[in-house]
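J.: For reference, the structure I am asking about is given below.
The values are calculated or read from the model by the stated rules, or taken from the named source; none is laboratory data. Predicted model, so just to flag it, every value in this text is computed and none were measured. Virtual Cβ from ideal backbone geometry, glycine too; neighbours counted across all protein chains shown. The accessibility values were calculated without ligands, DNA or RNA, using every heavy atom of the protein model including side chains. Shrake-Rupley method; radii C 1.70, N 1.55, O 1.52, S 1.80 Å.
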Amino acid sequence: MRLHDLRPAPGAVKKPKRVGRGPGSGHGKTSCRGHKGQRSRSGGGVAPWFEGGQTPIHRRLPKRGFKCPTRKEFAIVNLEALEIKFQAGDVVTPEVLKEMGLVKKLGHGVKVLARGELTKPLTIKAHLFSRQAIEKIEAAGGKAEVLR
């Protein structure tokens, strides 16, 4: 078998319907569109979402929820993750956290929360801290610096 011997399977390829080619074809005159009406005319037809005049689905379903346009999304880091990944005396910044994979997207910044214990003195620079996180960082001999 060679490339020029290849043929589609029998019945796999159909001839196109040639409309508007005279009465003998059976598809002449109105070209399979019937007589009159919206769908018979060029450019006619309804939008795919049109439901025949009944109240459409997007108006029948109730509206739910609210998205605050001014909401700020902060990436969250817990002290337990910092305890594992950093050595005593390290400076922790949002860029370092992103490089190490502790934060996926910085968004509006980083917030440090107090879950877990911190035993090493770290200098942590972030946009927000929980009150308990600041207490634990300072108790371990570190510093919590707020970035603006």
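J.: State the percentage of accessible surface on the chain attributable to carbon and sulfur atoms; use a 1.4 Å probe and exclude ligands, DNA and RNA.
T.: The value for the chain is 53 percent carbon and sulfur by accessible area.
J.: Right, something else. Using unit Cβ charges (K, R positive; D, E negative) and no other charged atoms, how large, in debye to the nearest 20, is the dipole of the range 31-148 about its Cα centre?
T.: It works out to roughly 1300 debye.
J.: Determine the calculated [θ] at 222 nm for the chain from helices alone, applying -39500 (n - 2.57) to every DSSP H run no shorter than 4 residues and normalising by the residue count; nearest 500 deg cm²/dmol. Provide the component values of the computation, followed by the final result.
T.: On the way: 4 runs with 27 residues, N = 148.
It lands at -4500 deg cm²/dmol.
J.: Could I ask something else about it? What do you get for chymotrypsin sites (Phe, Trp or Tyr not before Pro) in the range 28-96 restricted to DSSP loop and a cutoff of at most 13 other Cβ within 10 Å of the site's Cβ?
T.: Trp49, Phe50, Phe66
J.: Multiplying the sequence separation of Asp5 and Phe74 by 0.36 nm and subtracting their Cα-Cα distance, what value in nm do you get? Could the numbers behind the result be given before it?
T.: Working: separation 69, 0.36 × 69 = 24.84 nm, distance 6.37 nm.
Computed gain between Asp5 and Phe74 is 18.5 nm.
J.: Here's something else I'd like to know. How high is the relative contact order of the chain, in percent, with contacts defined as C-alpha pairs under 8 Å that are six or more residues apart? Intermediate results must be reported in sequence, preceding the final value.
T.: Numbers: 183 pairs, mean separation 23.4, N = 148.
After rounding, I find 16 percent.
J.: Separate question: Identify which of the listed values of Kirkwood radius over Cα pairs in Å was calculated from the structure shown: (i) 16.1; (ii) 15.7; (iii) 22.6.
T.: Computed from the coordinates, Kirkwood radius over Cα pairs in Å corresponds to (iii).
J.: Once both labels are modelled 7 Å past Cα along the beta-carbon direction, what's the Met100-Lys67 spacing in nm?
T.: 3.3 nm
J.: In a GNM of the chain with a 10 Å cut-off on Cα contacts, which of Ala133, Ala47, Ala81 has the highest mean-square fluctuation?
T.: Ala47
J.: Under 12 Å from the 7 Å Cα→Cβ point of Gln38, by amide nitrogen: which residues of the range 50-69?
T.: Correct set: 50-54.
J.: Which of these, Gly107, Gly24, Gly11, has the largest mean-square fluctuation under a Gaussian network model of the chain (Cα springs below 10 Å)?
T.: Gly11
J.: Something else now. If each residue of separation counts as 0.36 nm, what is the full-extension length gain between Arg131 and Thr30 once their alpha-carbon separation is subtracted?
T.: So the chain would gain 28.6 nm between Arg131 and Thr30.
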